[in-house]
Amino acid sequence: MKLTLNDLCFAYDRDRIIKNISCSFVSGSFYSILGPNGSGKTTLLDLISGFLKPDTGYIDIDQAPVLSLSKKDISKKIALVSQDHTINFPFSVKDVVMMGRHPYIPRFSHPSYNDVEQVEAMMQVCGIHHLHDRKINELSGGERQRCVFARALCQDTPILLLDEAFSNMDINHTLHMLQLVKQSVKEKNKIVISVFHDLNLASTWSDSLLMLKNGKISAFGNSQDVLTQETIKEVFDVASIVEFNAHVQAKQVYYPSI
Ligand SMILES: Nc1ncnc2c1ncn2[C@@H]1O[C@H](COP(=O)(O)OP(=O)(O)OP(=O)(O)O)[C@@H](O)[C@H]1O
C-alpha cells in the first residue's frame, strides 16, 4: 500500500498552515513527524485522516483519492489516535474499545462473536482489561489514552495515525505500546505515522522522519540521515549534539544545559 500526499495546501482562515506538501508513505514502515509547536503536525494528520479537507491538492491510497471514499470505507483504512481524546459521555471502557469495530458491524446489528473477542483481546494487550466496566471520563489521562489506543488498534486499519499518542503514558506503558505498534508495522505491514516531541524516542522507533517547519517539509527520509545537528538547529533553533548510540542502535540527541 502507498499513501501519497499531492501538493497539499490548507488554511483554517486566512493564513496558510500547510504549504504545498508532497510525499509518500509505504507499507511496513514507521514514520514520525517532528516539528515545533504550531508547525502544522496535527493539521497534517487531520488532513490525512479525512477529518479536514485540503484547500488544494489531494491524498490518495494506492492512487484512489481518499475523499472519494465513504466515511465508513475511510475508517476501514485509517485509524487516528488524536491529541484530544477527551470523551465527555460516560461510556464504559469496553464500549469505547468496541467503537473501533463499528466500521465492520452492519447497521442495526449487534457486534459478532469475533468483534467481542477482538475487543477482549485488545483490552488485555493494552493492559486495560481490569478497567473494562469503568467509565472512560473517570480514568486518568494515561489510562484514557490506552483505551483510545486500543480502540484504534481494534479498527485494524492498514494506516495508523498517532498524534502524541504516548504523551500521558509512563515509560513502561510507552515502551509497551511502541512495541505493539512496531510489531503491527512488521507483521501486519502497516503504515504508522506518529507525531512526537521526543526526538530520541522518534529516532529509536521510526524508520523515517519527516521534519515540519511553518507548514513545509524541511527534511524527509531515513531517520539516521535526517537527524543531524544541522536539521535540529534549522527546525527547532536549538543547539545539540547528535551521536549514534549503540544501546538503542540509533542516533540520540543531547542538549547542552546552558
Ligand atoms: N481549529 C483551528 N482554527 C484556527 N486555527 C487553528 C486551528 N487548529 C490549529 N490552528 C492553528 O494552526 C497552526 C498549526 O496547528 P497544529 O495543531 O497543526 O500544530 P502542531 O504542529 O500540531 O502544534 P503542537 O506541537 O503545539 O501540537 C497553529 O498556528 C494553530 O494555532
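The values are calculated or read from the model by the stated rules, or taken from the named source; none is laboratory data. What you are looking at is a predicted structure, and each value in this text was computed from that prediction instead of being measured. Cβ atoms come from the backbone with ideal geometry, glycine included; neighbour counts cover every protein chain shown.
Points to keep in mind about this one:
- Residue match in segment 81-94 (condition: small (Gly, Ala, Ser), surrounded by 15 or more Cβ atoms within 10 Å (Cβ to Cβ) and either in a loop (DSSP other than H, G, I, E, B) or within 13 Å of the ligand (Cβ to nearest atom) (or both)): yes
- Selection count, segment 97-146, where residues are assigned to a loop (DSSP other than H, G, I, E, B), within 22 Å of Gln83 (Cβ to Cβ) and more than 21 Å from the chain's Cα centre (by Cα): 1
- Sub-7 Å Cβ pairs linking a first residue in segment 175-188 that is in contact (Cβ under 8 Å) with a residue 24 or more places away in the chain to a second residue that is assigned to a helix (DSSP H, G or I), at least 6 apart or interchain, are Met177/Phe149; Leu178/Trp205; Leu180/Val125; Lys182/Trp205, ordered by first then second residue.
- Subset of segment 2-20 [at pLDDT 95 or above and either within 15 Å of the ligand (Cβ to nearest atom) or of a type in the set (A, V, I, L, M, F, W, C) (or both)]: Leu3, Leu5, Leu8, Cys9, Phe10, Ala11, Tyr12, Arg16, Ile17, Ile18, Lys19
- Which numbered condition Phe91 fails, given (1) at pLDDT below 95; (2) under 17 Å from the mean Cα position of the chain (by Cα); (3) not hydroxyl-bearing (Ser, Thr, Tyr): (2)
- Residue list for segment 21-77, filter: of a type outside the set (Ser, Thr, Tyr), within 16 Å of the ligand (Cβ to nearest atom) and under 13 Å from the mean Cα position of the chain (by Cα): Ile33, Leu34, Lys41, Leu44, Leu45, Asp46, Leu47, Ile48
- A count restricted to segment 153-183 and to residues that are surrounded by fewer than 19 Cβ atoms within 10 Å (Cβ to Cβ), outside any helix (DSSP H, G or I) and of a type in the set (A, V, I, L, M, F, W, C) stands at 0.
- Residue check for Val238: without any contact (Cβ under 8 Å) to a residue 60 or more places away in the chain, surrounded by fewer than 16 Cβ atoms within 10 Å (Cβ to Cβ) and out of contact with any Pro (no Cβ under 7 Å at 6 or more places or on another chain): yes
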